[in-house]
Structure formats: C-alpha cells, structure tokens
Amino acid sequence: MNKSSSLRGVSVCSLGLSAAILGGCAATPESMKPTVQPAVANSNNTTYVVKKASIRHYSSTSYKHNAQREVNRQARRQIQAYQSTDTVSRRTAAVGLTREQYQARFEAEKAARAAEALRIQQAKAAAEERQRIARENAIREEYVQKWEANKAAIKSRQAKAKAKRARQQAEIQVKQERAQVMVKKVENVIRTAASEIGTPYVWGGKMPGKGFDCSGLVQHSLAQGANVRIPRTAAEQYAAAIKVASGSASRGDLVFFRTRGNGVSHVGIYLGNGKFLHAPRKGKTVTVSTITGYWQDRLIGFGRIPGACKLPIQMV
C-alpha cells in the first residue's frame with residue numbers, strides 16, 4: 001500500500017467518525033472503532049503504521065441528549081422563522097389560501113358576524129318589545145280591573161244610598177202619617193173639649209152637659225177625641241205626662257197650675273198662642289183663658305200624653 005492509499009484510509013476513518021458524531025444515535029460505539037491495518041511501502045521499503053486513534057467514546061445517553069438538543073435548536077429556528085413571518089401570510093400558509101382568498105374569507109366571516117350580531121340585537125329588541133307590550137297589557141288589565149271594582153263599589157254605594165233614602169223617605173212618610181193622625185187626634189180632643197164650653201163647673205164632674213171639674217173635662221176629652229185613658233186627678237195627670245219646656249209647648253198639650261197649696265191642683269188643654277181651655281172653678285163654666293196675670297203666676301209647666309199629643313215628644 002502506498003502513501004496515498006494510507007491517507008485515504010485515514011480520511012475514510014475520519015469521515016466515518018464525523019458521521020457517527022453528527023448522526024447521534026445512528027451509529028453505536030462498537031461500530032465507530034477504527035480498523036487499524038499496517039501499510040507497507042513497496043517502493044522504498046518504508047513502513048507506515050496507523051496507530052489507534054485517540055477518540056472520545058460517548059455513552060448512549062450522551063448521544064440521546066445531543067440529538068434532543070439538535071431537535072430543540074431546529075424547533076427554535078422554525079419558531080423564530082414562523083414568528084418573523086407576517087400574520088396574514090402565516091394564516092394563509094396554514095390554510096393553503098392566497099392573500100386575496102384569505103381577505104375574501106375574512107370579509108365573509110366579518111359580514112356573517114355582523115349579520116349574527118344584528119340578528120341577536122333584533123331578537124333582543126323584539127323580546128324587549130314583547131315584554132313592554134306584556135307590561136302595558138298587564139297595567140291595562142289591572143287598570144280595567146280596578147275600574148270595574150270602583151264601578152261596582154260606586155254602584156254598591158249608590159244602591160245603598162238609594163236604599164237609605166228609600167228607608168228615610170218611608171220613615172218620613174210614616175212620621176208624617178203618624179203626625180197627621182196625631183194632629184187629627186189633637187184636634188178631636190180640642191173639638192170635644194170646645195163642645196163643652198158653657199158647661200158649668202161641678203166638683204168631681206165628668207158627665208157631658210151636666211158638669212165638669214178641670215181634670216174631668218181633660219179626661220173626658222182625651223177619651224172621646226183620642227181614645228186615650230188617663231188618670232182622674234190633675235196631680236195624677238201631671239205625673240203621667242211627659243214634661244216639655246214652655247217654649248216647646250204646642251196645641252193639644254196639657255198645662256198645669258198651682259191654685260191651692262204647693263202641688264198641682266188645676267189642669268187645662270193648651271190651644272197655643274198663650275191660651276188654654278179649662279173648667280175654672282165653682283160658679284164658672286167651661287171656657288178659654290189666657291196665661292197671663294193670675295194664671296201666669298201659678299203656672300207649673302206643660303206636659304204631653306203619649307197617643308194624644310203632637311209629635312215628636314220632647315222630654316225636659
């Protein structure tokens with residue numbers, strides 16, 4: 001083997017070693033061991049010996065780490081290259097579209113999003129409108145119900161007021177009828193008493209045409225004119241009567257006097273305007289007198305007999 005052949009052998013070994021180092025796990029440590037062959041020169045009897053190369057032996061773990069570092073470097077370079085590329089170009093390259101196609105797609109998606117937003121807005125507005133209409137309908141319904149309730153309440157109050165007026169009118173009518181009846185009774189009592197004018201006074205008398213004392217004339221007149229029975233004496237009649245004030249005395253009331261002693265001893269039928277009809281005393285006849293002078297000084301008061309007097313009866 002000549003010098004050039006031996007040099008080629010060394011180069012081949014060097015290239016094999018480099019490939020093993022660069023390839024990482026592509027070659028194992030056993031395969032990387034060089035084969036040492038002696039080379040002998042045939043021309044000048046010079047012998048060249050290739051000694052064992054001083055080569056660093058790597059473990060399998062170191063080769064794996066080196067390979068992983070190389071992969072990481074390549075990945076970093078790809079990331080940097082990707083990041084340095086224009087965003088639109090990256091997306092275009094990712095989906096395989098041109099810039100114009102991507103722009104058209106972007107515009108279409110933008111229009112779709114705008115249409116969706118408009119649809120959502122319109123749906124929201126429609127929902128709000130429905131809610132507004134529902135609220136208005138509820139308020140209107142509530143107003144109608146309140147109006148109907150108020151209308152019913154007004155009708156009820158009107159009906160009650162009408163019924164009350166009807167009752168009041170009926171009561172007034174009854175009172176008027178009773179008043180008319182009482183007025184007739186009062187006038188009958190006075191007419192009965194007036195028919196005895198001129199009849200002589202008789203102590204204890206109670207017979208028409210024969211004679212009356214004061215209480216007998218009153219008892220007879222109420223019995224005949226109003227069909228009302230009262231006690232016999234003037235004092236008993238005063239006790240049975242409902243007392244009225246002098247200013248409230250009316251036609252048909254009884255008027256009481258004190259003619260002897262301190263108690264009631266005389267009675268007459270009041271005719272109004274300060275006049276009364278009575279049987280005065282012995283020697284006199286039934287007559288009409290005025291409450292003045294003698295009679296004014298001896299006046300005790302007025303009284304009404306229920307059923308034979310003017311309504312209403314006022315108590316004092």
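Only the coordinates and a few stated rules stand behind these numbers; no lab work does. Note that the structure is a prediction, hence the values are computed from the model and not measured. Note: ideal-geometry Cβ built from the backbone for every residue, glycine included; neighbour counts use all protein chains shown.
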When (1) closer than 17 Å to W295 by Cβ; (2) touching a Cys at 6+ places or on another chain (Cβ under 6 Å) are applied to G252, the one that fails is (1)
Being surrounded by fewer than 18 Cβ atoms within 10 Å (Cβ to Cβ), within 60 Å of the chain's Cα centre (by Cα) and farther than 16 Å from S215 by Cβ narrows G272, G307 down to just G307
Of the residues that make up region 252-267, is at least one of a type in the set (A, V, I, L, M), buried (at least 17 other Cβ atoms within 10 Å of the Cβ), in contact with a Gly (Cβ under 8 Å, 6 or more places away or on another chain) and not in a strand (DSSP E or B)? no
Of the residues in region 286-305, those that are of a type in the set (S, T, Y) and free of Cβ contacts under 8 Å to residues at least 12 places away in the same chain come to Y294
Filter region 228-240 for residues that are in contact (Cβ under 8 Å) with a residue 40 or more places away in the chain and not β-branched (V, I, T); the one that is farthest from I197 (Cα to Cα) is A240
Within region 211-244, of all residues that are under 21 Å from S289 (Cα atoms) and assigned to a loop (DSSP other than H, G, I, E, B), the one nearest to the chain's Cα centre (by Cα) is T233
Flagged in region 156-203 as part of a helix (DSSP H, G or I), in contact (Cβ under 8 Å) with a residue 12 or more places away in the chain and of a type in the set (V, I, T), in numbering order, are V183, V186, V189, I190, T192
